[in-house]
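Just so it is clear, none of the values below were taken in a lab; they were calculated from the coordinates. Since this is a predicted model, take the numbers as computed values, not measurements.
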Amino acid sequence: MSEKVNTAPLDDAAVVKEYAEHYMPTVHRIGRLTTLLSFVLAFVPVFYLLVIRGFMAQMSVYVDVIIAVVAYNIGAWIINPTAHFTVLGAASTYMSYLAGNVANMRIPVAMSVQYSTKSDINTPKGQIITTIGVATTVVVNLIIVFICVIAGSAILDILPQAVITSFKYITATLFGSMLMMKIVSDPKHSFQYMIPAVCVFIVSRFIPFVKTYGTGFSILVPIIFAYLLFRSTEGRNSAPDNQTPVDID
């Protein structure tokens, strides 16, 4: 006998309870498993080259490469998932980091579906709608990549040069569209946030010492600003009151 499907509205108390007690723990259980699996599979090419093909190098070479990669990426490894989670939610974060193209594809789609459905990522509705949207991008992305691999050269040959040149503006266009969605949906707070954003841009761009660590400074200052805003009276009053705490252990 098939399990009964709960068709109540997503803000119904029973649905919220089911979401917190069953849906989210399942998301984290599957997400942890697939993340662990991807971690193991990432070393298959290394295993092939070392064990099967016998391509070896001195240990110092591996150590130097590991140190260089960790030093260059450690900030992004810590900060990016934390920042992206606030937009993507749990299931979409797991999917996005397996599929890739997080900033230039998954986040714009997540923001778009949340904006069009007027849903917050901290609610069951926002989490589920975002998950559906991001899952759709993964499928569509795979189809497009498959087509490009099979017929990419032929497609590029028939496209005008102006179209090919415009491809380099796609990322800027995506971020511009996300900015406009935020401004249209919440003009007051959008312009309020632009003031520190412009200040951070000017400082990180033109002050020599800060410019050296521009990326870290550009991430750290907004985090501090967001925390101070949250601690303020306005931040507490405007924070969503429908968040559902979930124990993922």
Given all pairs of distinct Cα atoms, the range 186-239 yields a Kirkwood Rh in Å of 12.0 Å
Helices from the chain with mean Kyte-Doolittle at least 0.0 and a Cα length along the axis of 27 Å or more, per DSSP H: which? 59-99, 124-158, 187-206
Everything considered on the Cα gyration tensor (a ≥ b ≥ c; rounded for a/c under 1.5, else prolate if a/b is larger than b/c, else oblate), the range 95-223 must be described as oblate
Applying the gyration tensor rule to the Cα atoms of the range 1-141 (axes a ≥ b ≥ c; rounded if a/c under 1.5, else prolate if a/b exceeds b/c, else oblate), the class is prolate
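Percent relative contact order of the range 82-239, based on C-alpha pairs within less than 8 angstrom and at least six residues apart? Intermediate values should be presented prior to the final figure.
Numbers: 94 pairs, mean separation 26.3, N = 158.
Result for the range 82-239 is 17 percent.
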Please enumerate, by chain and number, the lysines with C-alpha under 29 Å from the C-alpha of Lys188, excluding those fewer than 8 residues away in the same chain. Lys118, Lys125
Would you compute the Debye intensity of the chain from its alpha-carbon atoms alone, equal scatterers and no solvent, and pass along log10 I(q)/I(0) at q = 0.18 Å⁻¹ to two decimals? -1.56
Starting from the Cα gyration tensor of the range 30-113, take the square roots of the eigenvalues, sort them a ≥ b ≥ c, and report rounded, prolate or oblate (rounded when a/c is under 1.5, otherwise prolate if a/b is larger than b/c, else oblate). prolate
Given only helices, namely DSSP H runs of n ≥ 4 each adding -39500 (n - 2.57), what is the per-residue ellipticity at 222 nm of the chain, to the nearest 500 deg cm²/dmol? -24500 deg cm²/dmol
Scaled by the rule-of-thumb 2.2 N^0.38 Å, the alpha carbon Rg for the range 79-129 gives a ratio of 1.02
